[in-house]
Amino acid sequence: MLKNFAGILLLVLTLFITGCWDRREIENRGYVLGVGIDHVESTEPKGQYDLDKAAQAAGRRKYKITFELPKFRKQEASKELSSGQSHLIWSAEGESLFAATRAVSAKVYFAPFFEDIQIIVFSEQVGKEGIRDILDFFQRDAEMRRRVKLLVTPGRAEEVLSAKLQVEEVNSMFIAKTMNSVSKYPHFSSETELGQVASFLRNHQSFTLPLVVVENKEVRLTKAAVFNNQGKMIGKLNELEVMGGKILRKNLQKGIVTVPNPANPSKLAVFEILEHSIKVDSLLVDNQINFVVKAVFIGTIAENMEPKQSAIDSSFLKKLEQELVDYISAIIRSGYRKQQLLHADVSELNSLVYRQHPHYWKQIKDRWDEEIFPTVPLEVDIKVNIARPVLMD
Amino acid sequence: MNPSTRITPLQFLVLTISITFGTSILTLPRKLAKIAGENMWMPVLLGAFVIYFSFRISLQLAALFPNYTSVAYHRLLLGNFGGTLLNIYLLTLMVLVTALFLRLFVTAIKIYLLDLTPLIVVTSLLTLPVIYAAQYGLIPVLRLVQFIILPAYSLFLALILLGFLSVKTTNYQPVLAEGIKPVLLGIPSTWMSYSGIELLIGFLYSSITRPKALVKFGLAAIVIIAGLYLLISLITLGILGAKNTMHILVPTIMAYRSVEIPDTFVERLDGYLMVIWIAICFDAQIGWIYFSSAIIKQMFDVEYVRPIVALLIPIIIYLVMLPPNIQAIDKLSSLVNLAGIVWGLIILPLLLILALWKRKRNDEC
């Protein structure tokens, strides 16, 4: 009898002890999908009650942190309000991002919850001052995704999140999904994840983040903001320099190369890269390092704008291949030169030197970005193979 | 040990794997990355050879006393006082290992799963079922371990292999840039991850149905455990790189947080890994707590193990709650690791030498 009672008691007990402390109703969670970080526009109080100001015992009113949350509607209501905004925007201001995040909790009953976060956008101004200290909050929070994407915007980050786009999707989700297009359009930086950036900062490694711009209800990903090994934005790579940098870093997926048509230079020929083999080496001769990049690009003529020219003519193909070789080599060299000018080895060539010449690396690692890297010569050896020159139809 | 309790070498293998493979997967990569950098997987491999050596010593010693457990033959070798002291050392070591593993386990659960639940509640809920599991002796414990091990380890293996999707092979280079010294220095840190088999064998030898098969099954257990640790070390290193691994509190979980399979029902791996890992750690805890209690039972010649388990669990919960922070856990972990090495590589060989010497002397007499 006593045994049965104890057994029943244990069973009943399980109903009350399963995760009671961590019970959170789904409607009480604020699913943050995007975070924007700007400098405050003004440190003066806003309005009678200054709703945005975070309570901080120390620190300035420095950053404005903006959260984008999805707006959940009842199913019937969503049919009627299909043209309405699909997101909610909340913000707070302070120097500590954590304090500012907590300040938002005084405005809403659903505490910001970061497990589903998609993007973090920094304004260029914030980037130029440095993001190393800001990222600490995001790395420390156990809810944060390591693969959340980081971006920089030339304007205000809050505007990227709050802008009304053509699509009825939360801006952060839309931008995060659009970043997958990097495989087809390699002209914006693809090194964007929080985990990666944290690793770059820990290794004193320069890196790039893509720029995101919003205009006329459209969003666009473009170029790359270059951050030095201290986490400060020091310049930008243009779209072709980004592609050159990606070849050096061996993380180019696909892409197109547009060159003057050899049959008629006023018209264009477009080469689509379908596959490639890239090998980057560092050679150490007499304690002097130099890089060699050897690559073969295999692809197709995606567009031949000189219809009089037969695309299977071998002399035409040879000329076109040479044109492409020159052009791709120039892209690589210009991307490399820009990195040298900025003293920012964003192609991770330092890691190559460390792996291939660890003893040499030990001697020069503290002087790499400032002294050594800007002077290292680069040898480029490119081959292009137009494997499919014919029309499909 | 109840003389009627008999276990097969295969069951010994299952027990060894379940007891050994627990919380170390969380912290081992961090410790090794600090010492051996990009070559952190090498000490994992070499550590397996060292534990095999200790296992063989322990096995040889146990084989000299085929009808006794280690608790009994320690007394035969060192006399009542010396033997009891040695048994207390062994018991303290096992209780501390249990408490330490449990603390790391609940800390990780608190950080990543149940952040609002008090530590003591998680600890109690994980340890209290052991009283029930251990009340009828070794066989129910073994059955429970056997029941959990196959589904838990199959799923666990499948999940950890998915980690290769995010591995960056350049993180494994350069190889031995600093020479072999950092690799050798890393070996002692692997001890606690492998420890278990050298403690179990002395205790279980007299209950094994085919003791001659133990060499084969013991080796198989070590190879399986080493394989799992090697996979986890390689994947963690491959995803995070050596520098990140050494700076992150629980690098294994963080590495798997980087593995996402978008647009599938899996999406993120870390949650699934944690769930399976709870089953694996629970499995390990049952073993550690049961064997600690069984040592006490034999030391004091008590008939049933159940009251001892019931008394031991509050002590273990107290020990789990004792370290105030992660630094204290790390310090305690180093001490326990050292105590384990002293047991496996100094005390056991000395006991074997003593046993062989005594046997030779008896033969001469």
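General observations
- The condition of being hydroxyl-bearing (S, T, Y) and open to solvent by 50 Å² or more (accessible area, probe 1.4 Å) holds for only one of A:S282, A:S266, that being A:S266.
- One residue stands out in the range A:52-78 among those that are part of a loop (DSSP other than H, G, I, E, B) and more than 12 Å from A:G94 (Cα to Cα): the one that is modelled with the highest pLDDT, namely A:K71.
- Where helices (runs of 4 or more DSSP H) fall entirely within the range A:291-377, those with at least 3 residues that are touching an Asp or Glu at 6+ places or on another chain (Cβ under 9 Å) and open to solvent by less than 30 Å² (accessible area, probe 1.4 Å) are at A:314-342.
- Residue within the range B:253-265 that is away from chain A (no Cβ under 14 Å), open to solvent by 10 Å² or more (accessible area, probe 1.4 Å) and within 21 Å of B:T20 (Cα to Cα) present: no
- Verdict on B:T252 being in contact (Cβ under 8 Å) with a residue 12 or more places away in the chain and closer than 21 Å to A:Q196 by Cβ: yes
- Number of positions in the range B:166-208 that are open to solvent by less than 60 Å² (accessible area, probe 1.4 Å) and more than 24 Å from B:S24 (Cβ to Cβ): 8
Rundown of residues vs (1) within 22 Å of the chain's Cα centre (by Cα); (2) in a helix (DSSP H, G or I); (3) under 23 Å from A:D136 (Cα atoms); (4) more than 13 Å from every other protein chain (Cβ to nearest Cβ), yes/no style:
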| position | (1), (2), (3), (4) |
| --- | --- |
| B:L200 | yes, yes, no, yes |
| B:S206 | yes, yes, no, yes |
| B:I222 | yes, yes, no, yes |
| B:L237 | yes, yes, yes, no |
| B:K243 | no, yes, yes, no |
| B:L249 | yes, no, yes, no |
| B:F282 | yes, yes, no, yes |
| B:S293 | yes, yes, no, yes |
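- Positions within the range B:16-43 being over 17 Å from the mean Cα position of the chain (by Cα) and small (G, A, S), in sequence order: B:A33, B:A36, B:G37
- Criterion violated by A:A225 - all others in (1) of a type outside the set (K, R); (2) open to solvent by less than 70 Å² (accessible area, probe 1.4 Å); (3) farther than 29 Å from A:K365 by Cα satisfied: (3)
- Residue count, the range B:32-61 (criterion: charged (D, E, K, R) and either outside any helix (DSSP H, G or I) or under 19 Å from B:P174 (Cα atoms) (or both)): 2
Rundown of residues vs (1) out of contact with any Gly (no Cβ under 7 Å at 6 or more places or on another chain); (2) modelled with pLDDT under 95, yes/no style:
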{"residue": "A:D326", "(1), (2)": "yes, no"}
{"residue": "A:S329", "(1), (2)": "yes, no"}
{"residue": "A:Y336", "(1), (2)": "no, no"}
{"residue": "A:Q339", "(1), (2)": "no, no"}
{"residue": "A:V346", "(1), (2)": "no, no"}
{"residue": "A:L349", "(1), (2)": "yes, no"}
{"residue": "A:K362", "(1), (2)": "yes, yes"}
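- If you go through the range B:102-113 and keep only what is more than 16 Å from B:K331 (Cβ to Cβ) and open to solvent by less than 30 Å² (accessible area, probe 1.4 Å), you end up with B:L102, B:F105, B:V106, B:A108, B:I109.
The values are calculated or read from the model by the stated rules, or taken from the named source; none is laboratory data. If you're wondering where the values come from, they're calculated on a predicted model, not measured in any experiment. Backbone-built Cβ (ideal geometry, glycine too); neighbour counts: all protein chains shown. Side chains are part of the model used for accessible areas, which takes the heavy atoms of the whole protein and leaves out ligands, DNA and RNA. Shrake-Rupley method; radii C 1.70, N 1.55, O 1.52, S 1.80 Å.
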